[in-house]
């Protein structure tokens, strides 16, 4: 199966990222959903992959302040809680969208 390739990625609001995929699918991802799925070493234990980010510490109204392309393989975000180190690969973003949509 080929890697998912985005055609576009836009903040439709500070609460929602919309990704249009080259295969025609559209994924809406909620700011909190993305923040809770952050793959960085502060949120995921590197050795085991165990989540260490406590969901209770992430506000329901967290905002995406900015989004930037990382190479040809992913996006990174700056959050209203000051966090900004996670790199979300395109396959991860596609999986998140298929798993649950915006929240």
How far is it, in nm, from the label point at residue 95 to the one at residue 73 when both lie 7 Å from their Cα along the line to the Cβ?
1.4 nm
Using just the C-alpha positions of region 6-100 as equal point scatterers, what log10 of I(q)/I(0) does the Debye formula give at each q in 0.10, 0.24 1/Å?
-0.24, -1.40
Computed lengthening from residue 22 to residue 65, 0.36 nm per intervening residue step minus Cα-Cα distance:
12.9 nm
Over all directions, what mean area does the Cα convex hull of region 1-51 project, stated in square nanometres?
4.7 nm²
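We did not get these values from a lab; they are worked out from the coordinates using the rules stated. Model, not experiment: these values are computed from the prediction. Please note: Cβ atoms are built from the backbone with ideal geometry, for glycine as well, and neighbour counts cover all protein chains shown.
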